[in-house]
Amino acid sequence: MTTAKLRQMKANGEKIAMLTSYDFTLASLVDEAGIDMLLVGDSASNVVCGNQYTLPITVDEMIFLTKGVVRAAQHALVVCDMPFGSYQVSEEEGVRNAIKILKESGCDAVKIEGGEEVLPAIRHMIQIGVPVMGHLGLTPQSVNQFGGYGLRAKEESEAEKLLHDAKLLDEAGCFAITLEKIPAALAARVTKSVSCPVIGIGAGNQCDGQVLVLHDMLGLNQGFKPKFLRHFANLGEAVKNAVSEYVSAVKDSSFPSAEESY
Ligand code: KIV
């Protein structure tokens, strides 16, 4: 997969499927199943590390996780999230961190939250050859400013700013934009207004593609069920059942059997 192919998919009206991944084993399965893009999201902070927010994860931790996903990806384009604090301080620091992430992890592109306020860093990255995916709407790195994970851009003024930001990101050369948790009608408007592919999460079905957090859509993260999430499997139950059978088999000495012994 390439950024040019993704643009072609938008032009052809072919939907783009993206999922998060954080490790080699699951990313191999997801890639084999035909995903177009793998996102090593900073949601790793929640899913992998058990933090409440995405804020604590570091550049080096993102690189560590991304390396495994890159080794797994035979087909998909791998995007690594730039974590909180790695691009907000200055354009120069942002560019330095983007280069470090690309060089050390081997990923194909980075994703950055925000619009006009981070545009200088994004422009500079794109100029030196770093493919950048934008991220607007509910940007989890701003959770403390938003005061939670509620729907964004309900009000006209925020919706207009989002549309303006999306056009700026598109003009700057972002190869794609993620729209998170905004009204479907606004996401449809943005999708029609920009030339790059728009990938939605909780943004309706008029976007050029969709992204979900892998552990959420597999039902591994059992406590989390926002309206936009569909469980495509119930692996949480499957894991618990398998582990409880294993525990019983160990306790009653039925595992390992003679056939399972040397
Ligand atoms: O970190 C992440 O998983 C993301 C997706 C929710 C788009 O940014």
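The values are calculated or read from the model by the stated rules, or taken from the named source; none is laboratory data. Note that this is a predicted model, so its numbers are computed, not measured. Methodologically, a virtual Cβ is constructed for each residue, glycine included, from the backbone with ideal geometry; neighbour enumeration extends over all protein chains shown.
Values as computed for the structure displayed
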quantity	calculated
Criterion violated by Val40 - all others in (1) of a type in the set (A, V, I, L, M); (2) crowded, with 18+ Cβ neighbours inside 10 Å; (3) under 27 Å from Lys161 (Cβ atoms) satisfied	(3)
Condition met for Gly150 (modelled with pLDDT under 95 and of a type in the set (Gly, Ala, Ser))	yes
Hits in the stretch 116-141 (condition: in a loop (DSSP other than H, G, I, E, B) and over 18 Å from Gly202 (Cβ atoms))	Ile128, Gly129, Val130, Pro131
Ala166 vs. criteria away from the ligand (no atom under 13 Å from the Cβ), closer than 22 Å to Ala17 by Cβ and in contact with a helix residue (DSSP H, G or I) (Cβ under 6 Å, 6 or more places away or on another chain)	yes
Residues of the stretch 56-76 satisfying the condition of being more than 12 Å from the ligand (Cβ to nearest atom), hydrophobic (A, V, I, L, M, F, W, C) and either over 20 Å from Lys15 (Cβ atoms) or out of contact with any helix residue (DSSP H, G or I) (no Cβ under 8 Å at 6 or more places or on another chain) (or both)	Val59, Ile63, Phe64, Val69, Val70, Ala72
Scope the stretch 28-49; condition free of Cβ contacts under 8 Å to residues at least 60 places away in the same chain, more than 9 Å from the ligand (Cβ to nearest atom) and touching a Leu at 6+ places or on another chain (Cβ under 6 Å); matching residues	Ile35
Residue among Val95, Val110, Val79 that is crowded, with 23+ Cβ neighbours inside 10 Å, outside any loop (DSSP other than H, G, I, E, B) and in contact with a helix residue (DSSP H, G or I) (Cβ under 7 Å, 6 or more places away or on another chain)	Val110
Tabulated pairs, the stretch 222-248, first without any contact (Cβ under 8 Å) to a residue 24 or more places away in the chain, second small (Gly, Ala, Ser) and not in a loop (DSSP other than H, G, I, E, B), C-beta under 9 angstrom, 6+ apart or interchain	Gln222/Gly236
The stretch 113-146, residues that are crowded, with 16+ Cβ neighbours inside 10 Å, without any contact (Cβ under 8 Å) to a residue 60 or more places away in the chain and more than 14 Å from the ligand (Cβ to nearest atom)	Gly115, Val118, Leu119, Ala121, Ile122, Arg123, His124, Met125, Ile126, Val130
Single condition Asp208 does not satisfy, out of (1) among the charged types (D, E, K, R); (2) under 29 Å from Cys49 (Cβ atoms); (3) within 16 Å of the ligand (Cβ to nearest atom); (4) at pLDDT 95 or above	(2)
Residue match in the stretch 233-247 (condition: in a loop (DSSP other than H, G, I, E, B) and not basic (Lys, Arg))	yes
Total residues in the stretch 10-27, condition crowded, with 17+ Cβ neighbours inside 10 Å and more than 16 Å from the ligand (Cβ to nearest atom)	1
Residue that is surrounded by the most Cβ atoms within 10 Å (Cβ to Cβ), among those in the stretch 248-262 that are assigned to a helix (DSSP H, G or I) and among the aliphatic types (A, V, I, L, M)	Ala249
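Residue-wise test of (1) closer than 17 Å to Lys161 by Cβ; (2) in contact with a Leu (Cβ under 7 Å, 6 or more places away or on another chain); (3) among the small types (Gly, Ala, Ser).
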| position | (1), (2), (3) |
| --- | --- |
| Gln88 | no, no, no |
| Val95 | no, no, no |
| Ala98 | no, no, yes |
| Gly115 | yes, yes, yes |
| Val118 | yes, no, no |
| Arg123 | no, no, no |
| Val130 | no, yes, no |
| Pro140 | no, no, no |
| Gln145 | yes, no, no |
